[in-house]
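Scroll down for the structure; my scribbles are underneath it.
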Amino acid sequence: MTSRNKSRNRNGDPEEMEGGGATAPAAPPPAPHPAVAPLAFLLGKWRGEGEGSFPTISPFRYGEELLFSHHPSKPVISYTQRTWKAASGEPMHAESGYWRPRPDGSVEVVISQSTGLAEVQKGSFDAEKKTVTLQSELVGNASKVKQITRAFQLVDGELSYVVQMATITTSLQPHLKALLKKI
Ligand code: HEM
């Protein structure tokens, strides 16, 4: 802060802001769009660690950040994910998309991956249990992947997920598991 913005209070101590230094309490976040409210438990930024595996590859550990953001005027959640090698921090896979919850408890998700793969996922959520399960309806521009499922669960404030995939050589089984905390 520049000295131009500093003032002194009645004790002569410098203050960061003019106007007595009293800080107004932060306004509560606006209520989400009614369509998004049942999935409000996802909203925010999450960070954690995961492990990847598949019968055809060596297991690996990764760090991950997820951001579920939302504007109260829109019935949609924006989603971005980035991952990095746990040991070195070097970027790995990233993806982004949109989640569209429906009043009947179903949800549609579109995701574009940094590998060029595009997904349309459909599934359901349970607002009480704080779970979401998704299955690919469409996997596009993929040379090996035939099917993808994603299952999310919030337990004791921690978000966990399992991503499974089926490829041209391998039946549906886990590729990713992670546990994230809200930051
Ligand atoms: C739905 C999301 C994802 C899909 C569909 C996907 C798909 C694949 C496929 C098809 C393979 C090759 C398997 C084979 O050759 O049999 C693979 C390998 C791999 N994936 Fe993923 N992946 C996903 C997410 C991720 C993420 C988030 C990471 C990193 C955090 C990751 C890291 C890797 C690594 C390290 C390999 C092994 C590569 C190698 O050994 O050359 N994947 N993935």
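Here are the numbers:
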item: Gained length - Ser114 relative to Lys85, 0.36 nm times residue gap less alpha-carbon distance; result: 8.9 nm
item: Within-11-Å neighbourhood charge of Thr170 [Cβ basis; K, R +1; D, E -1]; result: +2
item: For His33, net neighbour charge (Lys/Arg +1, Asp/Glu -1) across residues whose Cβ lies under 14 Å away; result: +3
item: Percent RCO, i.e. relative contact order, over the chain, from Cα pairs under 8 Å lying at least 6 residues apart; result: 16
item: Normalised per residue, the volume of the convex hull around the Cα set of the chain (Å³); result: 182
item: Anisotropy class of segment 98-183 from Cα gyration tensor, a/c 1.5 cut; result: prolate
item: Extension gain, Thr169 back to Asn141 (0.36 nm per residue minus Cα-Cα distance, nm); result: 8.4 nm
item: Relative contact order %, segment 97-159, counting alpha carbon pairs below 8 Å whose residues are six or more apart; result: 23
item: Neighbour net charge for Val107 - beta-carbon separation under 9 angstrom, K R +1, D E -1; result: +2
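No value in this document is a laboratory result; all are computed from the given coordinates. Note that the coordinates shown come from a computational prediction; the quantities given were computed from them, not determined experimentally. Here Cβ is always computed from backbone atoms with ideal geometry, including for glycine, and neighbour counts include all displayed protein chains.
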